[in-house]
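Working notes, beginning with the structure itself.
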Amino acid sequence: MREGEVAVEAPPPRDAGLVFIGRIRTPWTSRDDTPRQGSLEGPVCRLEIFDPWKPALQGLEKFGNLEVIYWLHLSRRDLVLQRRHNEGEPRGTFSLRSPVRPNPIGTSMVRLVGIEGATVLVRGLDCLDETPLLDLKPDRCQFSPAP
């Protein structure tokens, strides 16, 4: 913990029925090496989709950008006040994009590079190798009505 941070004892978890649909493969094995935000020019990362979810990839190739939703499985879950890295006063967890959250769900907008069987290739991720994958969605802007 950094100076000024506050942790709480979280209530016991309830099963939300989450199912990991795959695993994310990135070049990063340490939080210190992982970029703070992904770049659409960053390295190609792999979303390995598990059975029985492979058929759900059908039609995904039509979209240039995707939202990747993942479970930050190595994150603390007990901080309510946090200090940004080398920066200022503590702030409430919900005012930060920190991976330390009561429910450590991460999201990234990525560029689709290609699909190879049950593996989706993307650029723009900012998570550790072996991160559990929760969901994929086409970029919501492509579904917004035209003005």
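The values are calculated or read from the model by the stated rules, or taken from the named source; none is laboratory data. The structure displayed is predicted, hence computed values, not measured ones. Here Cβ is always computed from backbone atoms with ideal geometry, including for glycine, and neighbour counts include all displayed protein chains.
Brief remarks follow.
- Residue within segment 62-76 that is of a type in the set (Val, Ile, Thr), in contact (Cβ under 8 Å) with a residue 60 or more places away in the chain and on the phi < 0 side of the Ramachandran plot present: yes
- Pro27, sole failed condition from (1) assigned to a loop (DSSP other than H, G, I, E, B); (2) surrounded by 16 or more Cβ atoms within 10 Å (Cβ to Cβ); (3) in contact with a Pro (Cβ under 6 Å, 6 or more places away or on another chain): (2)
- The residue that is farthest from Thr34 (Cα to Cα), among those in segment 61-88 that are out of contact with any strand residue (DSSP E or B) (no Cβ under 9 Å at 6 or more places or on another chain) and surrounded by fewer than 15 Cβ atoms within 10 Å (Cβ to Cβ), is Gly88.
- Residue in segment 104-112 that is without any contact (Cβ under 8 Å) to a residue 24 or more places away in the chain and part of a loop (DSSP other than H, G, I, E, B) present: no
- Under the condition of being more than 23 Å from Asn103 (Cβ to Cβ) and not charged (D, E, K, R), the residues counted in segment 5-29 number 2.
- Any hit, segment 6-28, residues being at pLDDT below 95 and hydroxyl-bearing (Ser, Thr, Tyr): no
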